[in-house]
Amino acid sequence: MSEISTHPESANRVTRHLLEQLRRHPKRVVFTEGEDVRVIEAAARLVAEEAVAPILLGNRDQIRALAAEHGISLKFVHLIDPPVSTDFGLFCQRVENMARYRSVQSAKAEELVAKPHYYGALMVQYGQADAIVGGNLAQPSAYFRALIHTIKPLAHVPKIFGVNILTGSHLPNLGSDGLLFLADCGLIPQPSIEELASIALETGKLARHFLGQRPLVAMLSHSTKGSASNADAQRVAAAATLARDRAAADFLEIVIEGEIQADVALDPTAAEIIMPAPEARPIADVLVFPNLDAGHIALKLLQHVAGAQCYGQLILGLSRPAAQVPRTASVEAIFGTAAAIAVEAIKFHQLYPDGEV
């Protein structure tokens, strides 16, 4: 029998905070790969916490059989098998009306909509779900292809990128509030100055809404404030300057610092030695990495060596909330990622107040 706790005390400090918000504003989250016992268990837990209305895509008989085998309740969990769903024809018509499919996609509309990734993305794009989570059984490229081809991008973000959220009560320097945002750890191999600045601003805005306070965004390098003068350090410094200028122009409540080394960003003792100041320096809430190698390696080390709990990645740069979880994700990681992306859905219209994008 699966043990699904209904008590907030079973969650960590971060997920408790997310669940408190979602109980006041529950959201619909569609999971594109529902034929997975980890997703079924996470969905049942979200229902038990009265936080999210889960929608699981896949063969309904297989999902029900998996739930029964593991003793997991499917009460209030909505199951949809895309090819036999009532909205299948409507979504096919909408895909046929998308001009980009005529030039980019060779597959028929029916073949695309039958794929859970595309069906889930269409649900989010057309308001039948508030957020989407996928990737737990599929190659990341297949999931991202569906998102990019179906959900409108944000015009002011040059490229979509990923944000991972880390927590761990045993790690004293993991953000000023026990929560650390890492970007980008999964999508852009070598971001340009423009892309780095955008990553800093968008992640800073996300952190501001999650934390409820002005976040400190650290743009990481092997150099701190000109200690190295090579092209890589100068690229990060230029991106930090650009991001600060834009944050000031848009009156954003974000502090951006860079280029800066990781120990200076996270360890007040190291910062005091390297950058003496009359007041104690705050710990960074957001780390922006100079390239994908640095971000991905740091994320894996923090997870597998330091024991940090990771949620995400949340995909920023799309006009609808989306998240990707790895194939190795635990039930806790799927549960927390769904809660995080649902909270982003609550704040989405505040993040983008101009309406439809």
Averaged over all viewing directions, the convex hull of the alpha carbons in the range 229-343 casts a projected area in nm² of 9.7
Give the relative contact order (percent, whole number) for the chain; include only Cα pairs under 8 Å separated by 6+ residues. 21
Cα-based helix-to-principal-axis angle, 60-69 vs the chain, degrees rounded to 10: 70
Helix 193-211 sits off the longest principal axis of the Cα atoms of the chain, rounded to the nearest 10 on a 0 to 90 degree scale, by 70
Write down the percent of antiparallel bridges among all DSSP beta bridges whose residues are both part of the chain, to the nearest 5. 35
Could the peptides 89-96, 158-165, 185-192, 222-229 be put in order, highest first, of the mean number of other beta-carbon atoms found within 10 Å of their residues? 158-165, 185-192, 89-96, 222-229
At q = 0.11 Å⁻¹, what log₁₀ I(q)/I(0) does the chain have when each alpha carbon counts as one equal point scatterer in the Debye sum? -0.73
Give me the base-10 log of I(q)/I(0) for the range 161-304 at each q in 0.09, 0.19 Å⁻¹, Debye formula, one uniform scatterer per Cα, rounded to two decimals. -0.23, -1.14
Output the peptides 313-325, 136-148 sorted from most to least packed, where packing is the average of other Cβ atoms within 10 Å over each peptide's residues. 313-325, 136-148
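Give the peptides 330-338, 297-305 in descending order of average Cβ contacts within 10 Å, highest first. Walk me through the intermediate numbers first.
Details: 330-338: 23.0, 297-305: 14.7.
Ranking, from highest mean packing down: 330-338, 297-305.
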Between M98 and T269, what is the label-to-label distance in nm when each label sits 7 Å out along the Cα-to-Cβ direction? 5.2
Under 13 Å from the Cβ of G34, count the other residues' Cβ atoms, weight Lys and Arg +1, Asp and Glu -1, and hand me the total. -3
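May I ask you to compute the full-extension gain from D250 to V305, defined as 0.36 nm times their residue separation minus their alpha-carbon distance, rounded to one decimal in nm? Write out the running numbers ahead of the final one.
Numbers: separation 55, 0.36 × 55 = 19.80 nm, distance 3.89 nm.
Between D250 and V305, full extension yields 15.9 nm more.
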How much length is gained if the chain between F76 and N12 is pulled fully straight, taking 0.36 nm per residue apart and subtracting their Cα-Cα distance, in nm to one decimal? 20.6 nm
Projected area averaged over all directions for the convex hull of the alpha carbon atoms of the range 140-205, nm², comes out at 5.7
Tilt relative to the chain, helix 37-48 - C-alpha long axis, 0 to 90 degrees, to 10: 80
R327 paired with A68, simple spin-label distance in nm, labels 7 Å along Cα-to-beta-carbon: 2.9
So what is the relative contact order for the range 161-304, in percent, with contacts set as C-alpha pairs under 8 Å and at least six apart? 35
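Every number here is computed from the coordinates shown, using simple stated rules; none is lab data. Keep in mind that what you see is a predicted model, and the values were worked out from it rather than measured. Glycine also receives a Cβ, built like all others from the backbone with ideal geometry; neighbour counts cover every protein chain displayed.
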